[in-house]
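S.K.: After the C-alpha cells below, expect a handful of questions from me.
The values are calculated or read from the model by the stated rules, or taken from the named source; none is laboratory data. Computed from a predicted structure; not experimentally measured. Every residue, glycine as well, gets a Cβ built from its backbone with ideal geometry; the counts of neighbours run over all protein chains shown.
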Amino acid sequence: MNRSITWRTLTRAMMALTVSLSAFSTSAHAELTPEAAKQIAVETYIYGYSLISVEMTRKVMTNVAKPSTKHAPMGQFANLREYPSAKFRDVTAPNADTLYSNAFVDLSEEPWVVSWPDMGDRYYVWEFYDAWVPVVFDPGSRTTGQKAQTYVLTGPGWSGKLPAGVKEVKSPTATVWILARTYSTGTPEDYKKVWALQDQYKLYPLSAWGKNYVPPAGKVDPSIDMKTAVRDQVNALNAEQYFGWMAELMQNNPPTAEDAPMVAKMKKIGLEPGKPFDLGKLNPAVAAAIKQAPQTAWEQIVAYTKDSGKINNGWLVNLKVGHYGTNYMARAWLSAFGIPANAPKDAVYPVGQTDADGNPLDASKHNYVIHFKSEKDLPPANGFWSLTMYDDEYFFVPNPLNRYTLSERNSLKKNADGSISLYLQKDNPGPEKESNWLPAPNAKFIPMFRLYWPKENPPSVLDGSWWPPVIEKNSASER
C-alpha cells in the first residue's frame, strides 16, 4: 500500500514538473522579443552555414548510381581525370592545378578505411573535413611523406579494435568529406600518370578489411537539383527549411563542447540538435522575425569579405581557414566562397580585391598587369604556385584558350630586364605576351593566387613577409 501511494505521489510530482517545465519553456519563448529572436536566428544561421553547405554538397556529389569524374555514391571516389571546365559549378573557387579525388563517408554505422600508394616525387595533399568543414587530418607531401599509407576513419563514440599497423583518424562527426589533391601539369601524358595513382586510392568499410570489397550501386534521388550551384541552393532555403535541416543534421554531427553557448542560444528559438524545428510553436511576431534571418545573415557573410583576412597591395590573405574554433563567421564565409580549403601550412590563397588605385577589378573597363621584379620574387612555395582567374561569383571564366590559371608550367616569358609580367585582360595581348596572359571576363573578376606548401622562412606568405605585387592598370595596352 505504501509503495502504491509512493508511486502515485512520484508520478504526480513528475507530471507537475513536466507541466512546470513546459510552462517555463512557453514563458521563455513568450518573453523573447522579435528583435532578439532575429538576432539569435542570424547568429544561428551563420553558425550552421558550413554544416548545411557540406550536406548540400554531399547530396549533390553523391546523387549518382556509379562513380564518374565529378560525382560518386557514398563511400566511393570521384576521380577528376582532367581539370574542370568553366561549366563546373559543384564547388566554388575550383582549381586547375591538381586533380581532385572526392569522397563522402558516413561513420555512424562503422569506421572506413582509406589508403593510397607510394606517390613517388609527385606533390599531393589529402584533407579530411568533418561535417562543419574544419580539417580533421591533412596527410600529404608536407606532413606524412610520399610512402604508401593506410588510415581508418572512426566517428564520434566509436571504440573497438583496429587492424595491426593501421593508424586511426578520429572524426568528431559522422559525415566526413575526403578530398585528395594530386598535382598534374595538365598534359595528356601527365594525366595518365595521375590516373594510375588515383586508381589505387582505396576506400571501404572496416568490415570489409581483408575481403574483396565491391561497393554497392548508389541511390539516385530525382528531386535533387544537380545543376544549380550548391551555394545558390543553400541560399534559397527559407528559415524553416534551413533550421529544420540543421537540427536534424546535428544529431549525428554534434556541436563541440566550445559551441555550448551557441547551442544554448539556439534553444531560445526552438532549435535543438535532433529535434524537429517548428516555427508554428513560436509567437507569430517572433516567427516572422526569424523568417527574416537568412537574408540578413547572408548580407553579413558577404560583408565579412573585407574582414576575412589582412589586405595589402590590394590582395586579401586569409589565414583563418582549416581550423576555426568559435569564429563561426570565418567558417561561414569560407563555406560560401572557398569550400573546402586547406589549412594554411598546406595552402594559402591570396585573393585580388582592388587595383593600385583602390578600385574594383573590371576587365570591361581596363587591362591589368602584375609585375614581378625578378624570378626570385615569384610566390614562395615548396609545392607549387598558380594564379587563377574567376568571375565575380568564384567560377572559371570561359575563354578561347581554355586557360584558367597561370603558373610555372606555362613557361612564362621574362622581360628584357629579367622581370616577369602577368597580363589580366579580356583580349589576347598578342603572340609575344600570350604565354603570360590570364584571360579575364568582360566584366568584374577575382584573381586568386595559390601557394601550395608555402615556404615558412622569409619571404613567406605565412608571416606576411611576402605579398603579391599590386595589380596595375596596363594603360600602355589600352592605347
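S.K.: Just to verify a result, which residue in segment 304-355, among those that are within 16 Å of the chain's Cα centre (by Cα) and over 27 Å from Asn382 (Cα atoms), is modelled with the lowest pLDDT?
M.R.: The qualifying residue modelled with the lowest pLDDT is Thr305.
S.K.: Within segment 143-163, how many residues turn out to be assigned to a loop (DSSP other than H, G, I, E, B) and either of a type in the set (Gly, Ala, Ser) or under 13 Å from Val176 (Cα atoms) (or both)?
M.R.: 7
S.K.: Mind checking which residues of segment 437-479 are under 16 Å from Asp362 (Cβ atoms) and modelled with pLDDT under 95?
M.R.: Hits for segment 437-479 are Asn474, Ser475, Ser477, Glu478.
S.K.: Filter segment 186-222 down to the residues that are part of a loop (DSSP other than H, G, I, E, B) and among the hydroxyl-bearing types (Ser, Thr, Tyr), then identify the one that is nearest to Thr98 (Cα to Cα).
M.R.: Of everything passing the filter in segment 186-222, Thr187 is nearest to Thr98 (Cα to Cα).
S.K.: I would also like to ask the following. Would you mind finding the one in Pro380, Pro468 that is under 29 Å from Leu319 (Cβ atoms), within 29 Å of the chain's Cα centre (by Cα), surrounded by 21 or more Cβ atoms within 10 Å (Cβ to Cβ) and of a type outside the set (Val, Ile, Thr)?
M.R.: Matching residue, one of Pro380, Pro468: Pro468.
S.K.: Please report, ordered by residue number, the strands (runs of 3 or more DSSP E) entirely within segment 60-142 with at least 2 residues that are touching a residue at least 60 places away in the same chain (Cβ under 8 Å) and within 30 Å of Asp392 (Cβ to Cβ).
M.R.: Those strands (runs of 3 or more DSSP E) span 98-106, 124-130.
S.K.: Hey, Asn410 hits all of (1) at pLDDT below 95; (2) farther than 25 Å from His366 by Cβ but one; which does it fall short on?
M.R.: Failed condition: (2).
S.K.: Let me ask something additional. Just checking, how many residues over segment 97-127 are modelled with pLDDT of 95 or more and surrounded by 21 or more Cβ atoms within 10 Å (Cβ to Cβ)?
M.R.: Number satisfying all stated conditions: 19.
S.K.: Additional query: Taking Asp199 as meeting all but one of (1) over 27 Å from Val135 (Cβ atoms); (2) charged (D, E, K, R); (3) under 26 Å from the mean Cα position of the chain (by Cα), write down the number of the exception.
M.R.: All conditions are met except number (1).
S.K.: Continuing with the same structure: Consider segment 438-479. How many of its residues are of a type in the set (S, T, N, Q) and more than 22 Å from Lys310 (Cβ to Cβ)?
M.R.: 4
S.K.: Here is a list: Asp355, Asp392, Asp362. Which entry is within 19 Å of Pro447 (Cβ to Cβ) and in contact with a His (Cβ under 8 Å, 6 or more places away or on another chain)?
M.R.: Asp355
S.K.: Find the residue count for segment 108-158, including only residues that are of a type in the set (Ser, Thr, Tyr) and touching a Lys or Arg at 6+ places or on another chain (Cβ under 6 Å).
M.R.: Residues meeting the conditions: 3.
S.K.: Can you work out which of the residues in segment 269-281 that are surrounded by 17 or more Cβ atoms within 10 Å (Cβ to Cβ) and touching a residue at least 60 places away in the same chain (Cβ under 8 Å) is farthest from Leu107 (Cα to Cα)?
M.R.: Ile269
S.K.: Search segment 398-421 for residues that are within 20 Å of Asp97 (Cβ to Cβ) and pair each with any residue that is hydroxyl-bearing (Ser, Thr, Tyr) and assigned to a loop (DSSP other than H, G, I, E, B) when their beta-carbon atoms are under 7 Å apart and the residues are at least 6 apart or on different chains.
M.R.: Here the result reads Arg409/Thr185, each pair linking segment 398-421 to a residue that is hydroxyl-bearing (Ser, Thr, Tyr) and assigned to a loop (DSSP other than H, G, I, E, B).
S.K.: Turning to a different aspect of this structure: Just give me the residues in segment 346-392 being out of contact with any strand residue (DSSP E or B) (no Cβ under 7 Å at 6 or more places or on another chain) and more than 30 Å from Thr182 (Cα to Cα), in sequence order.
M.R.: The answer is Asp357, Gly358, Asn359, Ser364, Lys365, Lys373.
S.K.: So, in segment 383-407, of the ones that are in a strand (DSSP E or B) and aliphatic (A, V, I, L, M), which residue ends up farthest from the chain's Cα centre (by Cα)?
M.R.: Here the residue is Leu406.
S.K.: Of (1) touching a helix residue (DSSP H, G or I) at 6+ places or on another chain (Cβ under 9 Å); (2) surrounded by fewer than 15 Cβ atoms within 10 Å (Cβ to Cβ), Asp232 satisfies all except one. Which?
M.R.: That leaves (1) as the condition not met.
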